[in-house]
Ligand SMILES: [Zn+2]
């Protein structure tokens, strides 16, 4: 059974049949690097990271490119405000983006081209478009003639005449048509500039993605991804100029778009001031919790970020790792055997059918947590009856299943020690101090001074540190 993907171009789910059998070429629009990345960027990166991982899991040879837009008005303005070069500013935020991706467990794509590293190809494509009569030069600027391609609007479903009547004619009088967009912009003094047949200038935004995509992946690719906000005009313009330049249709077989992230039911925007940076979220929650939150909804639907939803995701991760920890304590040898995939064939195929249906990660996550509940129940029963043998087998199967899901979700892959280590590193006081207080509390309890012991426990709880007593002693964790 082939994978089914929802194609924004045809507005329906289709069988995924790549241009070249067994091979997938995939391009995703990356960040404009003028500020720290927010959780909207995290959603796009994580969604397509899972798609990348899953296609490889299904045996495809995947070539994946995600770009950095490192020349742009916003970068130039910000650099001027700070009195640094746009190159320096862009490099700083490329580094920050890479760090955020690493923290989120996002795999490095095969290619990470920069617009500024693709100038030669951008000029080449622009020249081709001029030669074909699809673009024209005006005083050092080059514009693409939108009217020329009859199928303009096919991705966004927009009608060219309606767009025309809504367009502001006074924006740039030099353009032949208000809908035309810039492929090349002549540079003003102090702006980054490259030599071109039309004088010194820099590329427009849309052309860079077409050029980077063609240069790294070829004229026709299988998947092009990005946030829904990029459908118009960015991706619409990419289609127009790419297909006009190469003469090949389609430029992209499957267009995949991820949904928005709202913050407490509001749109994330600069004017509201509710932009949440990835690194700020990761100060309060683990990367696993953020990733789980992002993947618990279908990638195309909008999601609402709330403190409660992140807290829920953290509790779920905690439950997962506590279960694995318990499995390790009660059935240590189950961790020493190789995964047995054919033993859990049915359960794995349930997960892959969910993923085959337009990458339904929510369903897979639901299945994993059902296994978590089941494992705890089995371990409870085994404890009550003393019958551990059958449970051992089930536990080893459950572990294999967690491993399989982890391969394409990029979740459930750490050890409990790593997960709790990360959480506990956020404690309001150093670990040694907490351990010291736990000792003091033990001594107080030994001399039956329960008032003192409770005071220590409550004091820690106020700081978000929870103590848990068991037969083996007291452990602590961050709430
Ligand atoms: Zn793009």
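A Förster radius of 35 Å combined with the Cβ-Cβ distance from residue 380 to residue 110 puts the calculated FRET efficiency at roughly 0.15. Against the chain, whose longest principal axis is taken from its Cα atoms, helix 119-131 shows a tilt of about 40°. Students often get this wrong: which residues of the range 28-50 have the backbone nitrogen under 18 Å from the point 7 angstrom along Cα-to-C-beta of residue 246? Residues passing the 18 Å test: 28-30. Once C-alpha pairs closer than 8 Å and six or more residues apart are averaged by separation and normalised to the residue number of the chain, the relative contact order reads 16 percent. Say R0 is 60 Å: what FRET efficiency, to the nearest 0.05, do residue 458 and residue 12 get from their beta-carbon distance? Efficiency for this residue pair is about 0.55. Angle of helix 361-385 to the longest C-alpha principal axis of the chain, folded into 0 to 90 degrees and rounded to 10: 10°. Computed on the range 57-206, with alpha-carbon pairs under 8 angstrom and 6+ residues apart, the relative contact order is 22 percent. Compute the label zone of residue 428 within the range 258-297: residues whose backbone N is under 17 Å from the point 7 Å along Cα-to-Cβ. Zone members listed by number: 284-285.
Peptide packing for 86-98, 371-383, 47-59 was compared via the average number of neighbouring C-beta atoms within 10 Å per residue; ordered from the highest value, the list is 47-59, 86-98, 371-383. In terms of packing, defined here as the mean over residues of other Cβ atoms within 10 angstrom, the peptides 289-300, 224-235, 264-275 line up highest first as 289-300, 224-235, 264-275. Cα gyration tensor of the range 111-240, axes a ≥ b ≥ c as square roots of the eigenvalues: rounded (a/c below 1.5), prolate (a/b > b/c) or oblate? Oblate shape, in that a/c is at least 1.5 and b/c is the bigger or equal ratio.
Helix 307-330 and the longest principal axis of the C-alpha atoms of the chain enclose an angle of approximately 50°. Residue ranges 101-111, 385-395, 27-37 sort as 27-37, 101-111, 385-395 when ordered by packing (mean number of other C-beta atoms within 10 Å per residue, highest first). Each helix, a run of at least 4 DSSP H residues, gives -39500 (n - 2.57); summed and divided by the residues of the chain, these come to -15500 deg cm²/dmol at 222 nm. Taking every DSSP bridge with both residues inside the chain, close to 50 percent are antiparallel. The calculated FRET efficiency for residue 267 paired with residue 451, based on their beta-carbon distance and R0 = 51 Å, is about 0.50.
Quick note: the coordinates plus some simple rules give every number you see, no bench work behind them. Here the structure is a predicted model, which is why all the values come from computation and not from measurement. All Cβ positions, even for glycine, are placed from backbone atoms using ideal geometry, and neighbour counts span all protein chains on display.
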